[in-house]
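Asker: Below is one structure. I have some questions about it.
The values are calculated or read from the model by the stated rules, or taken from the named source; none is laboratory data. Quick caveat, the model's predicted, so the values are computed rather than measured. All Cβ positions, glycine included, derive from the backbone under ideal geometry; neighbour counts span all protein chains shown. Each accessible area value is taken on the protein alone, full model and side chains, heavy atoms only, with ligands, DNA and RNA left out. Shrake-Rupley method; radii C 1.70, N 1.55, O 1.52, S 1.80 Å.
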Amino acid sequence: GQRRIGKSSLSFFVYNHFLENCSNEYEPIWIDCQSNFVKSVDGFFRQIKANSTLDYSSGTTRQKCLQNFENAITKAPKKILLFIDEFEIITDAVYQEQFDQEFYMQLRMLAGRGKNLAMVVVSHSTLPKICKHVLGISSPFYNIFTTIQLNKFSRKDVNEYLKAEHDGFRFSNHEIFFIKLIKNHRHPLVIQVASEAVFLNHFSQERDTVVRKRISQQVINYLDHDAVKL
């Protein structure tokens, strides 16, 4: 999905669900590829270890790191559920020497077994597209993932969100109508910004024109030009 459409938020919600409700069967692990610790294969694996009970130890060579990680995953008492946010970062050409075909094929092999490892990958583009420039072929994960494309809310989604009770608070009909007049209000971030502004206006009681201008400015600050136009 596009920038700020809610990919990480949705994935983090799922991650927390597994953390709170399925801890006996799975061990969910959240990895953000924006972290400076995730810039090498060993760093990637050490971040997984830091956020889990996985018994991984760094190797003296990159090959040894791959072997140690495979052994650790295979011996893990629970199924590792790996959430990888901003995945396209490690597929960038600058990291290609570290995260090469061997690395991706190992993840694919471990996940393909269906016993030791499962993955949720969060990215702007599909895996075939972002992996092609690394491998020269399509994604090595071609038959073990289901792609979910996040888009703007439907009109039904918007109505359900605006008419629902939020921690004891409900929007009035006038406020719902006002939010729906905001340009691009079906974008998740835009409706979030607009809803917050309308809620806060209960205390400041500013004119609608002032609130609308504030919302527009915040949206421009949060979204790039192309996203605003969608």
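Asker: Quick check on the stretch 186-207: of everything there that is more than 25 Å from the chain's Cα centre (by Cα) and surrounded by 13 or more Cβ atoms within 10 Å (Cβ to Cβ), which residue is farthest from residue 7 (Cα to Cα)?
Answerer: 206
Asker: Which numbered condition in (1) at pLDDT below 90; (2) farther than 21 Å from residue 15 by Cα; (3) open to solvent by 60 Å² or more (accessible area, probe 1.4 Å); (4) touching an Asp or Glu at 6+ places or on another chain (Cβ under 8 Å) is the only one that residue 75 fails?
Answerer: For residue 75, the failing item is (1).
Asker: Related question: Considering only residues that are part of a helix (DSSP H, G or I) and under 15 Å from residue 216 (Cα atoms), which ones fall in the stretch 186-200?
Answerer: Hits for the stretch 186-200 are 188, 189, 190, 191, 192, 193, 194, 195, 196, 197, 198.
Asker: Scan the stretch 152-185 for residues that are open to solvent by 100 Å² or more (accessible area, probe 1.4 Å), within 26 Å of residue 124 (Cβ to Cβ) and assigned to a loop (DSSP other than H, G, I, E, B) and jot them down.
Answerer: Correct list: 183 only.
Asker: Moving to a separate point now. Being assigned to a helix (DSSP H, G or I), over 25 Å from residue 150 (Cα atoms) and free of Cβ contacts under 8 Å to residues at least 60 places away in the same chain: is that true of residue 44 here?
Answerer: yes
Asker: Looking at the stretch 5-20, which of its residues are out of contact with any Ser or Thr (no Cβ under 9 Å at 6 or more places or on another chain) and closer than 17 Å to residue 149 by Cα?
Answerer: We begin by selecting, within the stretch 5-20, every residue out of contact with any Ser or Thr (no Cβ under 9 Å at 6 or more places or on another chain); these are 5-6, 8-20.
Result: 5, 6, 8, 9, 10, 11, 12, 13, 14.
Asker: Which of the residues spanning the stretch 58-71 are open to solvent by 10 Å² or more (accessible area, probe 1.4 Å), closer than 15 Å to residue 100 by Cβ and not charged (D, E, K, R)?
Answerer: 61, 63
Asker: What are the pairs, 6+ residues apart or on separate chains, where a residue within the stretch 65-81 that is within 18 Å of residue 120 (Cβ to Cβ) has its Cβ under 7 Å from a residue that is in a helix (DSSP H, G or I) and open to solvent by 10 Å² or more (accessible area, probe 1.4 Å)?
Answerer: Listed by first residue and then by second, the contacts come to 81/18.
Asker: So which residues in the stretch 4-57 are closer than 24 Å to residue 96 by Cβ, touching a Lys or Arg at 6+ places or on another chain (Cβ under 9 Å) and open to solvent by 60 Å² or more (accessible area, probe 1.4 Å), if there are any at all?
Answerer: Residue satisfying the conditions is 37 alone.
Asker: Can you find even one residue in the stretch 3-18 that is basic (Lys, Arg) and farther than 29 Å from residue 186 by Cβ?
Answerer: Within the stretch 3-18, not a single residue is basic (Lys, Arg) and farther than 29 Å from residue 186 by Cβ.
Asker: Considering only residues of the stretch 78-96 that are touching a helix residue (DSSP H, G or I) at 6+ places or on another chain (Cβ under 9 Å) and loosely packed, with under 14 Cβ neighbours inside 10 Å, which is modelled with the highest pLDDT?
Answerer: The qualifying residue modelled with the highest pLDDT is 92.
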